[in-house]
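Here the structure comes first, spelled out in structure tokens, and everything after it is commentary.
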Amino acid sequence: MIEVRHLQKSFGLNKILDGLSFRIENGESVAIIGRSGGGKSVLLKHLVGLLQPDNGEILIDGENIGPLNERQLLRVRRKFGMVFQGAALFDSMTVAENVGFAFRRHKNLTAGEIARRVAAALEMVDLPGTENRKPAELSGGMRKRVGLARAIIYEPQIVLYDEPTTGLDPIVSDSIDKLMIRVRDHFKVTSIVVTHDMRSARRVANRVLMLHEKKVYANAAPEEFFTSPDPVIRQFVDGVADAKECLI
């Protein structure tokens with residue numbers, strides 16, 4: 001589904017990614033972790049063509065998206081759904097208008113069909129009957145759910161999650177994890193989860209990919225990754241500033 005080959009990206013003299021390579025198979029759920037400023041968000045922007053590599057290739061379904069123009073990239077981006085860190089809802093719109101935003105210029109769908117799809121998406125994320133509420137009336141966890149409903153309403157092949165549990169309490173975070181798993185299994189989507197939440201990464205991912213020193217440092221199944229004695233991995237997983245304090 002996704003292949004990154006020797007990806008390099010710099011902003012001025014600041015090199016962000018230096019020879020990143022990995023593959024994500026169709027239907028996989030991959031957690032991408034690493035320290036803040038380590039290139040995770042930059043990587044996501046490359047996957048949807050918002051940034052162009054300095055060197056290397058990004059292949060989506062075997063197609064190198066680097067040479068594509070903006071119109072051709074729109075076709076590729078339709079394969080993606082995106083769940084933003086802060087949900088990125090429009091405050092002036094209702095829940096229904098936010099969720100159905102992708103269909104605002106879709107002339108082949110009636111208002112009734114759009115309403116049906118919105119209701120089904122909200123049902124999937126356990127928010128039935130909230131169509132007429134405004135984002136300001138929702139809790140943080142509910143806003144995340146609305147963001148997820150908006151991402152899945154047109155049934156994308158790939159869903160990208162940017163810090164989906166940030167700012168949520170452990171109980172709400174657990175419910176979001178379960179929703180991500182439900183969406184993955186129901187729609188058979190490929191899921192890419194950028195997160196600093198180690199519990200979430202352990203639960204939702206089939207594979208953990210760790211960025212370190214501008215490259216892929218580790219790429220392993222959760223059971224292997226989270227039991228690794230590697231000091232760099234242990235320092236990040238255990239959340240300690242001094243590697244000597246890591247518990248192995």
Flagged in the range 94-111 as open to solvent by 50 Å² or more (accessible area, probe 1.4 Å) and more than 21 Å from the chain's Cα centre (by Cα), in numbering order, are Glu97, Arg104, Arg105, His106, Lys107, Asn108, Thr110, Ala111
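Any idea which residue in the range 24-44 is farthest from Tyr217 (Cα to Cα), counting only those that are among the hydroxyl-bearing types (Ser, Thr, Tyr) and not in a helix (DSSP H, G or I)?
Going through the qualifying residues, I end up with Ser29.
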Checked the range 56-85 for anything open to solvent by 50 Å² or more (accessible area, probe 1.4 Å), free of Cβ contacts under 8 Å to residues at least 60 places away in the same chain and in a loop (DSSP other than H, G, I, E, B); matches are Gly62, Pro67, Asn69
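Report whether or not Ala201 is of a type in the set (Gly, Ala, Ser), within 27 Å of Asn14 (Cβ to Cβ) and buried (at least 20 other Cβ atoms within 10 Å of the Cβ).
Here the answer is yes, as Ala201 does meet what is asked.
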Restricted to the range 231-248 and to residues being of a type in the set (D, E, K, R) and open to solvent by 40 Å² or more (accessible area, probe 1.4 Å), the residue modelled with the highest pLDDT is Asp238
The correct count of residues that are open to solvent by 70 Å² or more (accessible area, probe 1.4 Å) and closer than 19 Å to Phe236 by Cα in the range 1-55 is 3
Filter the range 162-186 for residues that are out of contact with any strand residue (DSSP E or B) (no Cβ under 8 Å at 6 or more places or on another chain) and part of a loop (DSSP other than H, G, I, E, B); the one that is nearest to Met124 (Cα to Cα) is Thr165
Of the residues in the range 118-143, those that are farther than 25 Å from Asp177 by Cβ and assigned to a helix (DSSP H, G or I) number 1
Log entry, pairs with first residue in the range 167-188 being within 24 Å of Phe80 (Cα to Cα) and modelled with pLDDT of 90 or more, second being part of a helix (DSSP H, G or I) and not β-branched (Val, Ile, Thr), beta carbons closer than 6 Å, six or more apart or on different chains, reads Ile176/Lys144; Asp177/Ser200; Asp177/Arg203
Ser139 meets each of (1) closer than 26 Å to Glu28 by Cβ; (2) surrounded by fewer than 20 Cβ atoms within 10 Å (Cβ to Cβ) with one exception, condition (1)
Checked Phe101, Phe90 against criteria (over 15 Å from Ser191 (Cα atoms) and part of a loop (DSSP other than H, G, I, E, B)); the one match is Phe90
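The values are calculated or read from the model by the stated rules, or taken from the named source; none is laboratory data. On a predicted model such as this, the values are computed, not experimentally measured, just so you know. Cβ: placed from backbone, ideal geometry, glycine included. Neighbour counts: every protein chain shown. Quick note on the areas: whole protein, heavy atoms, side chains included, nothing else; ligands and nucleic acids left out. Shrake-Rupley method; radii C 1.70, N 1.55, O 1.52, S 1.80 Å.
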